[in-house]
Amino acid sequence: MTIQRRDFLALAGGTATAGLAGCTGMFSGGEEESGGNNESGSDGGSIAGQELVLATTTSTYDTGLLDEVNAAFEENFGTPVQAISQGTGAALETARNGDCDVVMVHARSQEDEFMRNGHGINRRNLMFNDFVIVGPADDPAGIGGGGDAVGAFQAIAESESLFASRGDNSGTHTAERRIWEAAGVEPGGEWYLETGQGMGDTLNQASQQGAYTLSDRGTFISQQDEIEIEILVQGPVEGGPEILANPYGVLAINPAVHGDVNYQLAMSYIGFLTSPEGQQVIEEYELDGQQLFFPQALSEDPNFQQYVPEGWQPDDGEGGGNATGE
């Protein structure tokens, strides 16, 4: 880790969460003999003593999923995880500066730009949940029970009902802007509040002010007992519109651009999260008896598009066939 990166992690201490202790020293499942991720020389593939730096979203932290998957990774690899919890835009900026080894986010358009600019490599689909539109029980815009997210945003704007936006270039904020664009609305004025905060804080502000907001389902479930707003428009997990889908990706930082990143450890983390065991950890994680995230990494049908920006095809003469995937 460079001095610049150490300084960054020290400054990020307020938002960073270290992985849990109690580790094994070797790969599980007999992988210590493979040598595929061996940086320690003669100890049979051990990566104990190294540290993985992960930049990720506030939703994975606020829901508690991050502690669960990082503890499972440590148990298997004997390696602590330093997790920096930020909005997607900030997490990708951390990665762009070479201040982490791997990034887990949920805004495909931003992930694609990150890859096109050469900063990311080996992207994988990881999991999904969805967004929900939440607001006060008295529902001044009359959107409750509807199945049209775009129409709900139009109604909120037309009635000038309070709406709390994260306003932070996060994955949720990116999804929100996409819905406003589909609604033909440029939000602004006194009814549109930009919190500049993470999802948990934005939900609290929306609750306090009787405002609508867009939330990922997982963070809402994790806080629903502490706030006085409710789901008014469901996402696709409960049969709602596809525009509220919320897929997550995980990708390594490109060692050809940032030579000090721990690429082998990053790929160990990606490999674990997308393995049957890692996907099971994600699938079985619940709060109040409700599943928060749905694994997406493993499928009998290949999806090559997960590795490259959406719609990408090789230039003529490059070979490799059609890369559009399914």
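The values are calculated or read from the model by the stated rules, or taken from the named source; none is laboratory data. In this text the structure is predicted, and so the values were computed from the model without any measurement. FYI the Cβ positions are ideal-geometry reconstructions off the backbone, even for glycines, and counts take in every protein chain you see.
Figures for the structure shown
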quantity	calculated
Selection status of Gln306, modelled with pLDDT of 95 or more and under 18 Å from the mean Cα position of the chain (by Cα)	no
Residue satisfying all of: in region 298-317; free of Cβ contacts under 8 Å to residues at least 12 places away in the same chain and assigned by TED's automatic domain parsing to the domain that holds Leu251; surrounded by the fewest Cβ atoms within 10 Å (Cβ to Cβ) among these	Glu300
Residue selected from region 123-168 under the condition in a loop (DSSP other than H, G, I, E, B) and among the charged types (D, E, K, R), by the criterion farthest from Phe220 (Cα to Cα)	Glu160
Residues (more than 21 Å from Asp260 (Cα to Cα), of a type outside the set (Ser, Thr, Tyr) and in a helix (DSSP H, G or I)) located in region 69-98	Val69, Asn70, Ala71, Ala72, Phe73, Glu74, Glu75, Asn76, Gly89
Qualifying residue in region 286-297 (condition: outside any strand (DSSP E or B), over 24 Å from Ser109 (Cα atoms) and touching a Pro at 6+ places or on another chain (Cβ under 8 Å))	no
Hits in region 268-285 (condition: within 21 Å of Ala252 (Cα to Cα) and either at pLDDT below 95 or not in a loop (DSSP other than H, G, I, E, B) (or both))	Ser268, Tyr269, Ile270, Gly271, Phe272, Leu273, Pro276, Glu277, Gly278, Gln279, Val281, Ile282
Some residue of region 181-198 being on the phi < 0 side of the Ramachandran plot, out of contact with any Phe, Trp or Tyr (no Cβ under 9 Å at 6 or more places or on another chain) and in contact (Cβ under 8 Å) with a residue 60 or more places away in the chain	no
Those residues of region 208-219 which are under 13 Å from Ala164 (Cβ atoms) and crowded, with 21+ Cβ neighbours inside 10 Å, in sequence order	Ala211, Tyr212, Thr213, Leu214, Ser215
Residue in region 17-29 that is modelled with pLDDT of 65 or more, assigned by TED's automatic domain parsing to the domain that holds Gln291 and crowded, with 21+ Cβ neighbours inside 10 Å present	no
Subset of region 67-94 [farther than 14 Å from Gly249 by Cα and either free of Cβ contacts under 8 Å to residues at least 12 places away in the same chain or aliphatic (A, V, I, L, M) (or both)]	Val69, Ala71, Ala72, Val81, Ala83, Ile84, Ala90, Glu93
Per-region count, region 153-183, residues under 21 Å from Gly249 (Cα atoms) and not hydrophobic (A, V, I, L, M, F, W, C)	11
Yes/no for Asn122 being closer than 20 Å to Glu310 by Cα, in contact with a strand residue (DSSP E or B) (Cβ under 9 Å, 6 or more places away or on another chain) and outside the structural domain of Glu228 (by TED's automatic domain parsing)	yes
Residue, surrounded by the most Cβ atoms within 10 Å (Cβ to Cβ), within region 169-187, restricted to residues that are of a type in the set (S, T, N, Q) and not in a loop (DSSP other than H, G, I, E, B)	Thr172
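Yes/no per residue for (1) surrounded by fewer than 21 Cβ atoms within 10 Å (Cβ to Cβ); (2) within 19 Å of the chain's Cα centre (by Cα):
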{"residue": "Ala252", "(1), (2)": "no, yes"}
{"residue": "Gly259", "(1), (2)": "yes, no"}
{"residue": "Ala266", "(1), (2)": "no, yes"}
{"residue": "Leu287", "(1), (2)": "yes, yes"}
{"residue": "Phe293", "(1), (2)": "no, yes"}
{"residue": "Gln296", "(1), (2)": "yes, yes"}
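For every residue, the table says whether it meets (1) modelled with pLDDT of 90 or more; (2) farther than 30 Å from Phe131 by Cα.
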position	(1), (2)
Glu32	no, yes
Gly35	no, yes
Ser40	no, yes
Gly44	no, yes
Ile47	no, yes
Glu51	yes, yes
Asp62	no, no
Glu75	yes, yes
